[in-house]
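The values are calculated or read from the model by the stated rules, or taken from the named source; none is laboratory data. Computed from a predicted model, the values in this text were never measured in an experiment. Cβ placement follows ideal geometry from the backbone for every residue including glycine, while neighbour counts extend to all protein chains displayed. The area values use the complete protein model at the heavy-atom level, side chains included, leaving out ligands, DNA and RNA. Shrake-Rupley method; radii C 1.70, N 1.55, O 1.52, S 1.80 Å.
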Amino acid sequence: MADFFFYGTLRHLPLLRIVLGRAGDTLRVSAARLADHGVFQLGDEPFPHFASVAGSSATGILLRDVSEDEAQRLQFYESAFGYRRHEVSVRTDEGDQVAAHVFYPDDAGQATDRKWSLPDWERDWAEISLCAAEEAMAWFGRKNAQEMAQAFPGMRRRASALVAGRRRTADPERDLSRDVRVASHHHPYTKFFSLQEIDVQVRQYDGEMSDVLNRAAILVGEAAVVLPYDPLRDCVMLIEQFRAPVYMVGDPSPWVWEPVAGLLEPGEPAEEAARREALEEAGLALGRLESAGKMYSSTGSSTEYLHLFVGFANLRGDVTGTGGTDEGEDIRSKVIGYDELMRGIDAEEYKDMPLITTALWLARHRERLRRTA
């Protein structure tokens, strides 16, 4: 058995329980301090930086009687963020000096001199962090620290989408606690996306529960999609890039024309993501944004939730070229007139659902947009 001192997010006991795998068990914790240390904000990251500061004192909690398996779980979780285990001596509020283990960051990164606040983190990030930790700890014993470090940004995006999904309007005719029973939840794959399976029973329309059904979904996150539109020139910009799923299904034309699109970062408003992606992928600074709908892209296979926009842009004839550098993106763009766009839609030349959806929304609202430009 060993004792551990926590100064950051693991002071939040629901998160600590997930990492330890203790569920609702009682934790033997007490308040403690580590002398000559401070806890600071790390750039824009939600988790803190921990550093030596002479004369200062880091407040935290001391967790007693940690088993070897639990210590390995802590190591697995903290290693994903580049934290390493060290031995220190902490003082409890009762005045006892206790030998304990603590996780230090390998790199200070963009550490600031601003104190990190646990209440602020609990307000803004706790729910997302709990969801991300549940997915992360499902991989304990199956992935190493490096693999987890690569996978965790995607886990956090999916966790943010899960929190957003929970806040959508409930079905007034059904009670999920009564009408859906999950027997098991499996995590067979995770990387940029995640594949998850559940064994589930669902109340049928005759009132009876179904047999146990195995269902799978690709967990993606939320995405912003924006079709740049110039109401003065009455034209739009499309981007083209290679799409591996289209290639993998055997389609001989896997380079696909689309609107600008990208995943939301945790806590990022959809409008902000749309503007960011337009700048990154097309070099466009968008003006006014019009919401063109919010929807799941494929309710039978994916959790992806789309925020669709038409964005005002200045599309001069010479605004074409390539863009996109993140994660191997290779993008080219083109500007076409509204009539050409609609001819392509009618001729079934385009096969990207968000493009067709935003184009049809534009057709419905085009006259209003041109009048109010």
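Selection of first residues in the range 47-75 that are closer than 14 Å to Leu27 by Cβ and touching a residue at least 24 places away in the same chain (Cβ under 8 Å) and of second residues that are open to solvent by 30 Å² or more (accessible area, probe 1.4 Å) and assigned to a helix (DSSP H, G or I), restricted to Cβ pairs under 9 Å at least 6 apart or on distinct chains, gives the following pairs, ordered by first then second residue: Gly60/Arg11; Ile61/Arg11; Ile61/Leu13. Please work out if Val260 is surrounded by 14 or more Cβ atoms within 10 Å (Cβ to Cβ), within 28 Å of Val182 (Cα to Cα) and not basic (Lys, Arg). The answer is no for Val260. Number of residues in the range 3-36 that are β-branched (Val, Ile, Thr), open to solvent by 30 Å² or more (accessible area, probe 1.4 Å) and touching a residue at least 24 places away in the same chain (Cβ under 8 Å) equals 2.
The set of residues in the range 277-292 that are in contact with a helix residue (DSSP H, G or I) (Cβ under 8 Å, 6 or more places away or on another chain) and surrounded by 14 or more Cβ atoms within 10 Å (Cβ to Cβ) comprises Glu280, Leu284, Leu286, Leu289, Glu290, Ala292. Those strands (runs of 3 or more DSSP E) of the range 187-236 in which 3 or more residues are surrounded by fewer than 16 Cβ atoms within 10 Å (Cβ to Cβ) and under 28 Å from the mean Cα position of the chain (by Cα) occupy 194-202, 213-219.
Within the range 259-283, being farther than 24 Å from Gln196 by Cβ, modelled with pLDDT under 95 and of a type in the set (Gly, Ala, Ser) holds for Ala282, Gly283. Out of Thr59, Thr92, report the one residue that is of a type in the set (Ser, Thr, Tyr), closer than 19 Å to Glu122 by Cβ and touching a strand residue (DSSP E or B) at 6+ places or on another chain (Cβ under 8 Å). Result of the check over Thr59, Thr92: Thr59.
Counting only residues that are modelled with pLDDT of 90 or more and either open to solvent by 50 Å² or more (accessible area, probe 1.4 Å) or among the β-branched types (Val, Ile, Thr) (or both), how many does the range 40-64 have?
Taking the range 40-64 first, the residues modelled with pLDDT of 90 or more are 58-64.
Those left that are additionally either open to solvent by 50 Å² or more (accessible area, probe 1.4 Å) or among the β-branched types (Val, Ile, Thr) (or both): 59, 61, 64.
So the count comes out to 3.
Of all residues in the range 241-283, those satisfying the criterion of being outside any strand (DSSP E or B) and hydrophobic (A, V, I, L, M, F, W, C) are Ala244, Val246, Met248, Val249, Leu264, Ala270, Ala273, Ala274, Ala278, Leu279, Ala282.
Only residues that are under 27 Å from Thr372 (Cβ atoms), in contact with a Phe, Trp or Tyr (Cβ under 9 Å, 6 or more places away or on another chain) and touching a residue at least 60 places away in the same chain (Cβ under 8 Å): list them for the range 252-294, please. Residues satisfying the conditions are Glu258, Pro259, Leu286, Leu289, Glu290, Ala292, Gly293.
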